[in-house]
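First the structure, in the form of structure tokens, and then the observations on it.
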Amino acid sequence: MDNKFLLFTPGPVNVAENLRVAISKEDICHRERDFDVLLGSIEQKLLSLFQIENRNLYRAVVITGSGTAANEAMLSSVVGQGDVLILSNGEFGERLHKTSQIHNPKTHLIEEPWGEAFNLKRIEDYLNAHKIDVIAIAHHETCSGMLNPLEPIGALAKTHGALFIVDGVSSVGAESVNMESSNIAFCSSSSSKAIGSYPGLSFVIGGKEHFEKLKQHKAKSTYLNLATFYEFLKSRSQTPNTPAVPLFFALEQALTNILKEGVSKRFETIRQRAKSLRSGMRKLNLKFLIDEKDMCSVLTTVHVPHLINVTDLKRCLREQSIIVYAGKGCFKDKVFQVGNIGEMTEFDIQFFLQTLKEALRTSKVNKISSAAPIRLTKPVLKVMPNRQGAEVSATL
């Protein structure tokens, strides 16, 4: 496939060609007006991505660091001396909990097994019994593919006078996150997942009133202090530390691409890709980990069929330049995961499905016979144009 990998993962992703141009722009100084303008443009585009009606009430700070950096910035900056409740039903809820424990001695946890939905009554009962100042949740639990509900938990937070903060790292850009109706004080995300840019940048979007209150809290981190990021943004239109400027150029282009397509249309495009992949995998008699109604639109978690070794399956796919995720934690060796974000065409999806079909067959045959190296049988090839007009060969 043109000597490049097709990343069927939840991030990083294959990026658009104009991002490769953007990241190579001429050097600028981050303490000059050129960067002020760039950061301002990114902030306005982020507010558009969130479809916020009253932009005057919200700001977005951009951090040089992964999505975990943005989450740690929230958890170390917004709690103060109060109590924080972490809601966890997967790997990234667990990560929020571990991060909060480092910064906040009064960290509470409501935990469900990986891939199981939250019991809202249990959360409500806990809030009735405990004084909680901040509630935190991962919107999309990538380990299972589950999309956790925001509005009902935001409503509970509002009723009990708690701030609601959301890890939107792997959902923003593909799923709607309504800051206002869900009563979200702060939401994090990353450049390299559904937004479709390179890894290395993250951001936190939040209400101005909530940003302003951060200065009341004693700083628990030097680099990841949200109050400092907000002050530099508000007073200088800059970042407090040296930013990865080329990544800012790429992020600005990725956001431009989304807004040009239209936010709602981009969401629908990603949903349709997921629908095509899921339909194709069902035809291969594959079973999914969770019910489709509970899935995020960015990936599908698939049970590994009987007699299939997931390492062998991944190797078969990689030999055809396709990369998928293996399961982690309690799902290790039991599932594989197929993402559908970034630059991806219907041709790519059909190539993947046909290659997966052959990889499953080959892996099963080799498992039964215990034959050594796994190789796909020679595929039937047809020359077709790729996105850039070059000729590529695809299994049909």
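The values are calculated or read from the model by the stated rules, or taken from the named source; none is laboratory data. Since we're looking at a predicted model, the values are computed, not measured. Counting neighbours? That spans all protein chains shown, and the Cβs are built from the backbone with ideal geometry, glycine included.
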How many of the residues making up region 136-168 are over 17 Å from residue 205 (Cβ atoms) and either β-branched (Val, Ile, Thr) or at pLDDT below 95 (or both)? 3
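Conditions tested, residue by residue: (1) of a type in the set (S, T, N, Q); (2) assigned to a helix (DSSP H, G or I); (3) in contact with a strand residue (DSSP E or B) (Cβ under 6 Å, 6 or more places away or on another chain).
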position: 169; (1), (2), (3): no, no, yes
position: 179; (1), (2), (3): no, no, no
position: 183; (1), (2), (3): yes, no, yes
position: 215; (1), (2), (3): no, yes, no
position: 248; (1), (2), (3): no, yes, no
position: 252; (1), (2), (3): no, yes, no
position: 255; (1), (2), (3): no, yes, no
position: 267; (1), (2), (3): no, yes, no
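Let me confirm something: among 338, 304, 263, which residue is in contact with a Phe, Trp or Tyr (Cβ under 7 Å, 6 or more places away or on another chain) and closer than 25 Å to residue 201 by Cα?
Criteria check complete, one pass: 338.
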Before we move on, is residue 229 closer than 30 Å to residue 301 by Cβ and outside any loop (DSSP other than H, G, I, E, B)? no
Considering each residue of region 133-149, count those that are in a loop (DSSP other than H, G, I, E, B) and under 30 Å from residue 218 (Cβ atoms), and give that number. 2
Looking at region 30-43, which of its residues are charged (D, E, K, R) and in a loop (DSSP other than H, G, I, E, B)? 31, 32
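Being hydroxyl-bearing (Ser, Thr, Tyr) and under 27 Å from residue 59 (Cβ atoms) narrows it down to one residue among 176, 144; which is it?
176
Residue-by-condition table, conditions (1) charged (D, E, K, R); (2) more than 21 Å from residue 13 (Cβ to Cβ):
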| position | (1), (2) |
| --- | --- |
| 203 | no, no |
| 214 | no, yes |
| 220 | yes, yes |
| 275 | yes, no |
| 278 | yes, no |
Could you name every one of the strands (runs of 3 or more DSSP E) located completely within region 296-395 that has at least 3 residues being assigned by TED's automatic domain parsing to the domain that holds residue 270 and at pLDDT 95 or above? 299-303, 335-339
So the helices (runs of 4 or more DSSP H) completely within region 44-132 holding 3 or more residues that are closer than 26 Å to residue 301 by Cα are 67-77, 91-103
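On the basis of being within 28 Å of residue 328 (Cβ to Cβ), buried (at least 22 other Cβ atoms within 10 Å of the Cβ) and in contact (Cβ under 8 Å) with a residue 60 or more places away in the chain, does residue 14 make the cut?
On the way: within 28 Å of residue 328 (Cβ to Cβ): yes; buried (at least 22 other Cβ atoms within 10 Å of the Cβ): no; in contact (Cβ under 8 Å) with a residue 60 or more places away in the chain: yes.
So residue 14 fails the test.
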